[in-house]
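Right, one structure below, let's go through it.
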Amino acid sequence: MAVYLNEVSRTFGEYLLIPGYSSVECIPTNVSLQTPLVKFKKGNKPPMSLKIPMTSAIMQSVSDDTMAISLAKEGGLSFIYGSQSIESQAQMVARVKSYRAGFVVSDSNISPEGTLDELLMLKKKTNHSTVAVTIDGSSRGKLVGIVTSRDYRVSRMNLDTKVKDFMTPFEELIHGNKDTTLKEANNIIWEHKLNCLPIIDDEQRLISMVFRKDYNTNKKNENELIDESKRYMVGAGINTRDYAERIPALLQAGVDVLCIDSSEGFTEWQKIVLEYVRKNYGDTVKIGAGNIVDKEGFRFLAEAGADFVKVGIGGGAICITREQKGIGRGQATALIEVAKARDEYFNETGIYVPICSDGGTVHDYHITLALAMGADFLMLGRYFARFDESPTKKVNINGNYMKEYWGEGSTRAKNWQRYDLGGDEKLSFEEGVDSFVPYAGSLEDNVGLSLSIVRSTMCNCGYLTISELQKNAKITLVSSTSIVEGSAHDVLLKDSRQIL
Ligand code: RVP
């Protein structure tokens, strides 16, 4: 006979936190959101932690290198999507690792043989008034000069005039080299009253530019997630098919942490991949696994060697797995059970395996709830898809700006490996949809706001760390009637948009 679980499968929206005593020290600026990313032994420090409990989903419409850089700046981590060729995924990882805050690859370049007319067209296209003059007109060519608007006067010059005849030549330029730090670059910029400093390699090839305005914006990121060499940290999704080729390429590109990306991870396929990693790399390579929704799934992956375990099936905003296949579990219920299994495993073995709540986070308070229910960090798709930094198009629909957001199980993503159960069988039905989400602006602004809400809620409950919140939070179930009570009710809203 089938096993019936008596507990109802519940979502975050059915729970609330009960505020607790807050001391005078309990203020948002004193809250630490640092959280372990990978497993560690009792009494030891986790070998890798996040500064904020947020990771971006392993999805084409969410996590590319641009997203990864922006999220690492805020202290979180992106897992670059694996549903692309090994080469292009590795290139994305490499771009994150080679990115240096404040050092931008020049996107306005011209050859010395170019004309004033061509220069003006380039300026119109890029909107940048500083143009690097390289021997072949490329962003990495040998630097022979710079042109700024101070170098020419359109009214007095022939449009056919060659760039080499009015540029500031290399000999008169002040430049930095590959070892110049951002601080040094800024000092040079100030000392010489420059607008930008070109950075070149030993062969005089242009590497990047440091602009005065970028230094100011980059100084703010004190919370950034960086490795020992001060490079941004980045993760990558892998599958259970081509892992033996993909993993070495990603490691070569400098990836910090891997995650097996699958809609259902309680499988021997995941064990095989974890064993492959341990056999070939020992504990030096960090790899998460999932997704699972119960204690058996957690224990299986923890024993197989996963560095963290991802929880959630069918809760994603674009996911229709529950409708299509009738499998899954309410995200809150799944998380509560898996967190208990994680704690039991810790008590038995002394090994703490962090868990990630993946999918179904809709409101900011769901983040706090997930943490209180035991999640060490969250993975978010819809949330990040709304920002400027996501890889998708911004479109105007009926006067409102939207961003595209599609599931990895949609025909658009064609990520069949994620749903692969081995054999030759190819996915023949969709488990995800293609959709729009309301455009929300910059990642920095939104993450800042969401986390200020999380910090403030933690203070209401009386806790300054995620681990205190996990151990002591008081959580209550709410009836459907009291959910109604929780939003504006029995009033006529003056602005009907507030209802949305
Ligand atoms: P959400 O944050 O609710 O948008 O959910 C994102 C999660 O949904 C992903 O991290 C992944 O686990 C899951 N996903 C991605 N694609 C699909 C699908 O097509 N069904 N589901």
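The numbers here are math on the coordinates, done by the rules we state, and not lab data. This one's a predicted model, so the numbers in the text were calculated from it and none came from an experiment. Heads up, the Cβs are rebuilt from the backbone with ideal geometry, glycines too, and the neighbour counts pull from every protein chain shown.
Miscellaneous remarks
- Only helices enter this figure: runs of n ≥ 4 DSSP H residues, each worth -39500 (n - 2.57), summed and divided by the residues of the chain, yield -9500 deg cm²/dmol at 222 nm to the nearest 500.
- One chain, two ends: residue 414 and residue 192. Fully extended at 0.36 nm per residue, the span grows by 74.6 nm beyond their Cα-Cα distance.
- Taking a sphere under 13 Å around the Cβ of residue 273 and counting the other residues whose Cβ falls inside, with K and R at +1 and D and E at -1, yields a net charge of -2.
- Across region 99-117, the residues whose backbone nitrogen lies under 19 Å from the label position 7 Å along the beta-carbon direction of residue 162 are 109-117.
- Summed side-chain charge close to residue 325 - residues other than residue 325 whose Cβ falls under 10 Å, Lys, Arg +1, Asp, Glu -1: -2
- Relative contact order, whole percent, for region 136-271 stands at 17, derived from Cα pairs under 8 Å and 6 or more residues apart.
- Segment residue 45..residue 126, full-extension length gain: 24.5 nm, with 0.36 nm per residue of separation and the alpha-carbon distance subtracted.
- Shape of region 434-500, Cα gyration tensor, a/c cut at 1.5: oblate
- Tensor-based shape of region 366-488 (alpha-carbon gyration tensor, a/c under 1.5 rounded, otherwise prolate or oblate): prolate
- Anisotropy class of region 22-90 from Cα gyration tensor, a/c 1.5 cut: oblate
- Listed by chain and number, the aspartates and glutamates whose C-alpha is less than 19 Å from the C-alpha of residue 73, apart from same-chain residues fewer than 8 away, are 64, 65, 214, 222, 224, 227, 228, 256, 388, 389, 444, 445.
- Among the GluC sites (Glu not before Pro) in region 68-123, those placed in a DSSP loop whose Cβ has at most 16 other Cβ atoms within 10 Å are 113.
- Each Lys and Arg Cβ is given +1 and each Asp and Glu Cβ -1; about its Cα centre, the chain then shows a dipole of about 760 debye.
- Helix 295-304 and the longest principal axis of the Cα set of the chain meet at an angle near 50°.
- Convex hull of alpha carbon positions in region 264-368: directionally averaged projected area 7.3 nm².
- Using distinct alpha-carbon pairs, which all enter the 1/r mean, Kirkwood radius of region 159-211 in Å: 12.1 Å
- Within the chain, percent of DSSP bridges classed antiparallel, to nearest 5: 55 percent
- Annotation: the antiparallel percentage among DSSP beta bridges lying fully within region 292-448 is about 55.
- With 10 Å bins from 0: P(r) over the chain, alpha-carbon pairs, percent: 4, 17, 26, 23, 16, 10, 4, 1, 0, 0
- In degrees, nearest ten, helix 268-281 long axis to first principal axis of the chain (Cα): 50 degrees
- Solvent-free Debye scattering, log10 I(q)/I(0), computed from the Cα coordinates of region 62-206 at q = 0.12, 0.20 Å⁻¹: -0.61, -1.18
- Relative to the globular-protein estimate of 2.2 N^0.38 Å, the Cα radius of gyration of region 318-435 stands at 1.28.
- Around residue 44: net Lys/Arg minus Asp/Glu count, Cβ-Cβ under 15 Å: +3
- Packing-based ranking of 11-19, 333-341, 368-376 yields 368-376, 333-341, 11-19, ordered from highest to lowest mean Cβ neighbour count within 10 Å.
- Rounded to the nearest 5, the antiparallel percentage of DSSP beta bridges internal to region 36-159 is 60%.
- Simple label model, 7 Å out from Cα along Cβ direction - residue 228 to residue 98, nm: 2.3 nm
- Relative to the globular-protein estimate of 2.2 N^0.38 Å, the Cα radius of gyration of region 197-281 stands at 1.59.
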